[in-house]
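Peer 1: Right, I'll just put the structure down here and ask away after.
The values are calculated or read from the model by the stated rules, or taken from the named source; none is laboratory data. What you are looking at is a predicted structure, and each value in this text was computed from that prediction instead of being measured. All Cβ positions, even for glycine, are placed from backbone atoms using ideal geometry, and neighbour counts span all protein chains on display.
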Amino acid sequence: MGAAEMTMEKHHGSCHCGAVAFEVVSDFSSPYRCNCSFCIRRGATMQRVPASNFLLLRGEDAVGLYGGRDFAKHYFCKTCGIPCFTRIYRGQESEVAVNVGCVDDVDWQALVPDLFDGAHLL
Ligand SMILES: [Zn+2]
């Protein structure tokens, strides 16, 4: 599915080996790449959603947590190593940034990501 046809709906996603699976509700209208020291290495196009639009279906025990900064917790599959999602905490509000490459029916190559200047985030 390309960027033009995307509507706000539920999508299924997973890591490479399948130990981690999730559902995400998004239209993928604001994909981004981030230039922070972690995301440069991760090399993924990400999409943020409200935390309530993300549901971890499987893999609570299969994910490892890489600290990052205290407002961004990066979760990866301990078996296949794929960084599937990041939980973001900003005050009371929380969001999840999903690795678009992990989402089954979204063509990440059809999305045109913005640059997010995470390297200079205070
Ligand atoms: Zn995996």
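Peer 1: In the stretch 44-58, which residue that is away from the ligand (no atom under 16 Å from the Cβ) and either among the aromatic types (Phe, Trp, Tyr) or more than 14 Å from Ile88 (Cβ to Cβ) (or both) is surrounded by the fewest Cβ atoms within 10 Å (Cβ to Cβ)?
Peer 2: Leu55
Peer 1: Oh, and also: Can we say Asp61 is more than 22 Å from Trp108 (Cα to Cα), away from the ligand (no atom under 15 Å from the Cβ) and without any contact (Cβ under 8 Å) to a residue 24 or more places away in the chain?
Peer 2: Answer is no for this residue.
Peer 1: Could you give me the residue pairs with C-beta distances under 8 Å whose first residue belongs to the stretch 70-90 and is at pLDDT 90 or above, whose second residue is of a type in the set (Asp, Glu) and in a strand (DSSP E or B) wherever it lies, and which are 6+ apart or on separate chains?
Peer 2: Pairs found: Arg87/Glu95; Ile88/Glu95.
Peer 1: Output the residues belonging to the stretch 102-122 that are surrounded by fewer than 11 Cβ atoms within 10 Å (Cβ to Cβ) and under 14 Å from the mean Cα position of the chain (by Cα).
Peer 2: Scanning the stretch 102-122 gives a single hit, Asp104.
Peer 1: On the given criteria, is Arg41 more than 16 Å from the ligand (Cβ to nearest atom), without any contact (Cβ under 8 Å) to a residue 60 or more places away in the chain, out of contact with any His (no Cβ under 9 Å at 6 or more places or on another chain) and closer than 20 Å to Asp114 by Cβ?
Peer 2: yes
Peer 1: Scan the stretch 64-100 for residues that are hydrophobic (A, V, I, L, M, F, W, C) and more than 16 Å from the ligand (Cβ to nearest atom) and jot them down.
Peer 2: Selection gives Phe71, Ala72, Ile88, Val96, Ala97, Val100.
Peer 1: A further question follows. Restricting to the stretch 98-122, name every residue that is under 15 Å from Val63 (Cα atoms) and either part of a helix (DSSP H, G or I) or of a type outside the set (Val, Ile, Thr) (or both).
Peer 2: Asn99, Cys102
Peer 1: Looking only at the stretch 79-94, which residues are in a strand (DSSP E or B) and either touching a Cys at 6+ places or on another chain (Cβ under 9 Å) or within 22 Å of His16 (Cα to Cα) (or both)?
Peer 2: Pro83, Cys84, Phe85, Thr86, Arg87
Peer 1: So how many residues does the stretch 1-38 have that are more than 16 Å from the ligand (Cβ to nearest atom), modelled with pLDDT of 90 or more and of a type in the set (A, V, I, L, M)?
Peer 2: Within the stretch 1-38, residues that are more than 16 Å from the ligand (Cβ to nearest atom), modelled with pLDDT of 90 or more and of a type in the set (A, V, I, L, M) number 2.
Peer 1: Still on this structure, please answer the following. (1) buried (at least 18 other Cβ atoms within 10 Å of the Cβ); (2) at pLDDT 95 or above; (3) touching an Asp or Glu at 6+ places or on another chain (Cβ under 9 Å): which one isn't true of Asn99, the others all being true?
Peer 2: The one condition Asn99 does not meet is (3).
Peer 1: Are there any pairs, at least 6 apart or on different chains, whose C-beta atoms fall under 8 Å, with the first in the stretch 15-27 and polar (S, T, N, Q) and the second in a loop (DSSP other than H, G, I, E, B), and if so, which?
Peer 2: Ser26/Met8
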